[in-house]
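Enquirer: Pasting a structure below so you can have a look.
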Amino acid sequence: MPENLLQLDGRVIVVAGAGGGGLGTTVTRMAARAGATVIGVSRGKENLDRHLGPLVAEGLAVIPVAADVETDEGVAAVMDRVRATSGDLHGLVTVVGGGPPQTWGPATKVSRAAWDALSSTNLHSMFFISQAIAAQLKAQGRPGSLVAISSITGVGNMPYNVGYGAAKAAVLSVVRTMALELAASNIRVNAVAPGAMSSPASMLPPDPALERRAIPLGRKGDMEEVAGTVLFLLSALAGYMTGQCLTVDGGISLRWSHLRPDNTPLLITNQDFLKAMKGE
């Protein structure tokens, strides 16, 4: 066992969803600085150039791959890159999916198309790349660590966001099932459920007063705080953990204090969006 249990020297980590400039990019940077060779995957080359290009220029072992892991072709492209990369395949982080504003609304009004789209982007894309990486690890007889990004919405509930919450809850079911199936091969499977974060993708503008009311720790989380939890799960420090979900939410899930009496989130203040969310 290495002296520094957080080091990932000589190991290859795939990060699906690395090019958005938020959590996936932060995980890529921190894993590479911990010694890993990181295959950073994103749908668009432009995002990869913008967000991973500086990491490559810094001299970090980051390999950008433009591929859509929501498709079989995209998964195959990632696996081709994995097999061509020097080092020992060790793990995967899936930072995929999301719940854009137009998908919010009363459960009674969610369309089949919206439901299917949320399931595909949040669940299918996580599962099939996880399946491929796990199969490769098993074929090589290597231990490994898979980490899926879920959400506190999947751990608890978020009114007016049923499709996203259901998909992220399903991610946790996949994590627990794969953890049990792969344990005999020493492949660990865990999840991280972030709460409100300061992120380029966040639709929540900074509001310190509301954050103090809604979040027990009084603020939104930083990308590095969530990415650090991911790094822990990838590392030897978490060698006896599998099938678990670590919630990184500033304490919101302890009391769900972020909801108004009408079940809308305190941190969302745009009145037009709130009306649309409730179907008004």
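The values are calculated or read from the model by the stated rules, or taken from the named source; none is laboratory data. Everything numeric in this text was worked out from a predicted model, so none of it was measured. As a convention, Cβ positions derive from the backbone with ideal geometry for all residues, glycine included, and neighbour counts pool all protein chains shown.
Enquirer: Quick one: which of L89, L55 is under 15 Å from I133 (Cα atoms), at pLDDT 95 or above and in contact with a Lys or Arg (Cβ under 8 Å, 6 or more places away or on another chain)?
Expert: Within the list L89, L55, the selection yields L89.
Enquirer: Name, by its number, the condition in (1) under 15 Å from M197 (Cα atoms); (2) of a type in the set (K, R); (3) out of contact with any Asp or Glu (no Cβ under 7 Å at 6 or more places or on another chain) that does not hold for R219.
Expert: For R219, the exception is condition (3).
Enquirer: For region 138-155: of the residues being buried (at least 21 other Cβ atoms within 10 Å of the Cβ) and touching a Ser or Thr at 6+ places or on another chain (Cβ under 7 Å), which is nearest to T103 (Cα to Cα)?
Expert: I152
Enquirer: Restricting the search to region 156-165, which residues are buried (at least 19 other Cβ atoms within 10 Å of the Cβ) and either within 17 Å of the chain's Cα centre (by Cα) or not β-branched (V, I, T) (or both)?
Expert: Those that are buried (at least 19 other Cβ atoms within 10 Å of the Cβ) and either within 17 Å of the chain's Cα centre (by Cα) or not β-branched (V, I, T) (or both): M158, Y160, N161, G163, Y164, G165.
Enquirer: Would you call M197 farther than 16 Å from G243 by Cβ and in contact with a helix residue (DSSP H, G or I) (Cβ under 7 Å, 6 or more places away or on another chain)?
Expert: yes
Enquirer: Taking the options V82, V95, name whichever one is within 18 Å of the chain's Cα centre (by Cα), of a type in the set (V, I, T) and either modelled with pLDDT under 95 or within 24 Å of R188 (Cα to Cα) (or both). Don't jump to the end; show me each part of the working.
Expert: Values: V82 fails: within 18 Å of the chain's Cα centre (by Cα).
V95 is the lone residue from the list that is within 18 Å of the chain's Cα centre (by Cα), of a type in the set (V, I, T) and either modelled with pLDDT under 95 or within 24 Å of R188 (Cα to Cα) (or both).
Enquirer: State yes or no: is V15 under 21 Å from R188 (Cβ atoms), in contact (Cβ under 8 Å) with a residue 24 or more places away in the chain and not in a loop (DSSP other than H, G, I, E, B)?
Expert: yes
Enquirer: When residues of region 98-124 are filtered for being buried (at least 19 other Cβ atoms within 10 Å of the Cβ) and either within 15 Å of A191 (Cα to Cα) or without any contact (Cβ under 8 Å) to a residue 12 or more places away in the chain (or both), how many remain?
Expert: Summing the residues that are buried (at least 19 other Cβ atoms within 10 Å of the Cβ) and either within 15 Å of A191 (Cα to Cα) or without any contact (Cβ under 8 Å) to a residue 12 or more places away in the chain (or both) in region 98-124 gives 2.
Enquirer: Just the residues that are β-branched (V, I, T) and under 30 Å from L8 (Cα atoms), please, taken from region 80-119. So that I can check it myself, show each step before the final result.
Expert: Looking only at region 80-119, we keep the residues that are β-branched (V, I, T), and these are 82, 85, 93-96, 103, 108, 110.
Within region 80-119, V82, T85, V93, T94, V95, V96 qualify.
Enquirer: Now for a different question. Which of the residues spanning region 238-263 are surrounded by fewer than 19 Cβ atoms within 10 Å (Cβ to Cβ), on the phi < 0 side of the Ramachandran plot and modelled with pLDDT under 90?
Expert: S253, L254, R255, S257, L259, R260, P261, D262
Enquirer: Which condition does G98 not pass, out of (1) assigned to a loop (DSSP other than H, G, I, E, B); (2) more than 27 Å from K220 (Cβ to Cβ), if it passes all the others?
Expert: So G98 meets the others, but not (2).
Enquirer: Further question on the same structure: On the basis of being modelled with pLDDT of 95 or more, farther than 19 Å from F127 by Cβ and in a helix (DSSP H, G or I), does V38 make the cut?
Expert: Here the answer is no, as V38 does not meet what is asked.
Enquirer: Would it be correct to say that R50 is farther than 19 Å from I149 by Cα, in contact (Cβ under 8 Å) with a residue 40 or more places away in the chain and assigned to a helix (DSSP H, G or I)?
Expert: On the way: farther than 19 Å from I149 by Cα: yes; in contact (Cβ under 8 Å) with a residue 40 or more places away in the chain: no; assigned to a helix (DSSP H, G or I): yes.
It is false that R50 is farther than 19 Å from I149 by Cα, in contact (Cβ under 8 Å) with a residue 40 or more places away in the chain and assigned to a helix (DSSP H, G or I).
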